[in-house]
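Data block below; observations after.
The values are calculated or read from the model by the stated rules, or taken from the named source; none is laboratory data. Given the structure is predicted, the values throughout are model-derived calculations rather than measurements. Quick reminder, even Gly has a Cβ in these numbers, built from the backbone with ideal geometry, and neighbours come from all protein chains shown. Heavy atoms of the whole protein, side chains included, go into the accessibility calculation; ligands, DNA and RNA do not. Shrake-Rupley method; radii C 1.70, N 1.55, O 1.52, S 1.80 Å.
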Amino acid sequence: MLKQKLDQFAQHPTPFYLYDLGLLRTTLDTAKAEATKYGYQVHYALKANANAPILQEMLARGFGADCVSGNEVKRALEAGFPADHIVFAGVGKSDLEINLALDADIFCFNCESVQEIEVIQELAAAKGKTAQVALRINPNVDAYTHKYITTGLEENKFGINTWELESLLPQFSQWPNVKLIGLHFHIGSQITDLRAFENLCGRVNEIQNWFEAQGLSFPHLNVGGGLGVDYHHPEEKPIADFAAYFAIFNNLLDKREGQQVHFELGRALVAPSGNLISKVLYLKHGQKTNFVILDAGMTELMRPALYQAYHKVENLTSELPAMHYDVVGPICESSDCFSKGIELPETKRGDLVAIRTAGAYGEVMASGYNLRDRVQAFYLN
Ligand SMILES: *Cc1c(COP(=O)(O)O)cnc(C)c1O
């Protein structure tokens, strides 16, 4: 399918990202419909992919923006997200970034430490403003995912640990320029075992009950993102199971009367619609294996090198019988390897290859290492 669609890009030098906006729209419509069933508000996590045409599709569906840097807040504003639909998380917000977000009057700071709240208080007071904040709480829930993308365990740097809450609460009376409006959680990414979200709901309920026992209730609950996609079956299962995902929260989360529930999805919304298109430069017979050497590497798609992530590699040109290959990039690092020991039709120099499901945490992580050119992006309508 991708093969026919690629014809129009035959003249473009490789490598490049190719985004299937048709699939993106179907994915977003599905997510939107499932979230709307329960009145849930979805914020798109810009860090997954902040390309303008993609942001426009998010905006068109009324999604908010979940940002983790000042520049992401800026990008969201420039793209047209209303300030009151922008949330801002991150363990290390700089003063500059906080001021930028205060000036923009964003909806909410998701605060990850006591000291951060003190700084927001100080900076907001200097501007005569009141900042809306939610506490990002580390719920100590295992996301059953790669350790580098697990964020909700007490050993991780993210969020405020529950044992700090008791001493934190009385301090709010000294912070007149900070208004506590909600609780925030985000336990990790590429979560495919949905029991992790069931466990999260249980913890959110306990934590919310604890706050209520202290006399505090909140208009907002933000349960983060993390829903995974099927990297192994891009054709058969291109769309994450949004129905099952949102149903878990509807069934298990103790939502209070009038409370607004927020989600922050990145990967599940954009990963499937992106492909990295690359050309085979060389074939090489190694001691144990045959190498396919691509003109794309970890500088264009870092996930395999960074977290041993799997992406399906397809040869779009060859229909010869299959052989076993290690598919590698041109970068001077042994970790610059996309896939080891995979079957591909017999591959030759000049064949076109698609690295699938690369729409999230792909192009955004591109680097200039080895002084590589910035990877280009094209869009299929
Ligand atoms: C990265 C991130 C998300 C999105 O995670 P996905 O796994 O892409 O859905 C949501 N919230 C926060 C705070 C994040 O850092």
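For the range 232-333, give me the percentage of DSSP beta bridges that are antiparallel, rounded to the nearest 5 percent.
If we restrict to bridges inside the range 232-333, about 60 percent are antiparallel.
Hey, which aspartates and glutamates would be in cross-link range of Lys74, C-alpha to C-alpha under 14 Å, not counting anything within fewer than 8 residues on its own chain?
Within the straight-line limit of under 14 Å, Lys74 reaches these aspartates and glutamates: Asp66, Asp84, Glu97, Asp103, Asp105.
For the chain, what does the accessible surface come to per residue with a 1.4 Å probe? Please give it in Å².
So the chain comes to 43 Å² accessible per residue, rounded to a whole number.
Which percent, nearest 5, of DSSP beta bridges in the range 42-112 are antiparallel?
0 percent
List the residues whose amide H sits under 5 Å from the amide H of Leu380, counting only those 5 or more places along or on another chain, with H placed 1.01 Å from N in the peptide plane.
Sorted by chain and number, the residues that satisfy this are Tyr19, Asp20, Leu21.
For a quick check of understanding: with a 1.4 angstrom probe and all protein chains in place, what accessible area in square angstrom does Asp241 have, to the nearest ten?
90 Å²
Can you grab the distance from the C-alpha centre of the range 7-30 to the C-alpha centre of the range 305-381, Å, no decimals?
Measuring centre to centre over Cα atoms gives 16 Å.
With a cut-off of 8 Å between alpha carbons and a minimum separation of six or more residues, what is the relative contact order of the range 22-270 in percent?
21 percent
Can you tell me how the range 22-270 classifies by the Cα gyration tensor, rounded, prolate or oblate, using a/c under 1.5 as the rounded cut?
Oblate shape, in that a/c is at least 1.5 and b/c is the bigger or equal ratio.
What angle, in degrees between 0 and 90 and rounded to the nearest 10, separates the Cα long axis of helix 70-79 from the longest principal axis of the Cα atoms of the chain?
With both axes taken from Cα atoms, the answer is about 80 degrees.
Of the residues Tyr282, Tyr19, Tyr310, which exhibits the maximal mean-square fluctuation in a Gaussian network model of the chain defined by a 10 Å Cα contact cut-off?
Tyr282
Can you give me the Cα centroid spacing of the range 106-157 and the range 183-259 in angstrom?
17 Å
So for the range 22-270: antiparallel DSSP bridges make up what percent, rounded to the nearest 5?
The answer is about 5 percent antiparallel.
How far, in degrees from 0 to 90, does helix 21-36 lean away from the longest principal axis of the Cα atoms of the chain, to the nearest 10?
It is inclined by approximately 30 degrees.
Amide H to amide H, which residues 5 or more places from His184 or on other chains are under 5 Å from it, using H placed in the peptide plane?
Sorted by chain and number, the residues that satisfy this are Leu135, Arg136, Ile137, Asn222.
With a 1.4 Å probe and every protein chain kept in, tell me what percent of the accessible surface of the chain is carbon plus sulfur.
Answer for the chain: carbon and sulfur cover 50 percent of the accessible area.
Treating only the Cβ atoms of Lys and Arg (+1) and Asp and Glu (-1) as charged, compute the dipole magnitude of the chain about its Cα centre; round to the nearest 20 debye.
It works out to roughly 660 debye.
Among Ala33, Ile342, Ile98, flag the residue with its Cα farthest along the positive direction of the charge dipole of the chain, charges on Cβ as +1 for Lys/Arg and -1 for Asp/Glu.
Ranked along the dipole, the leading option is Ile342.
Find which of Leu294, Asn71, Tyr148 sits farthest along the positive direction of the dipole of the chain, computed with +1 on the beta-carbon of Lys and Arg, -1 on that of Asp and Glu, about the Cα centre.
Leu294
Compute the angle between helix 95-104 and the longest alpha-carbon principal axis of the chain, please, reported from 0 to 90 degrees and rounded to the nearest 10.
80 degrees
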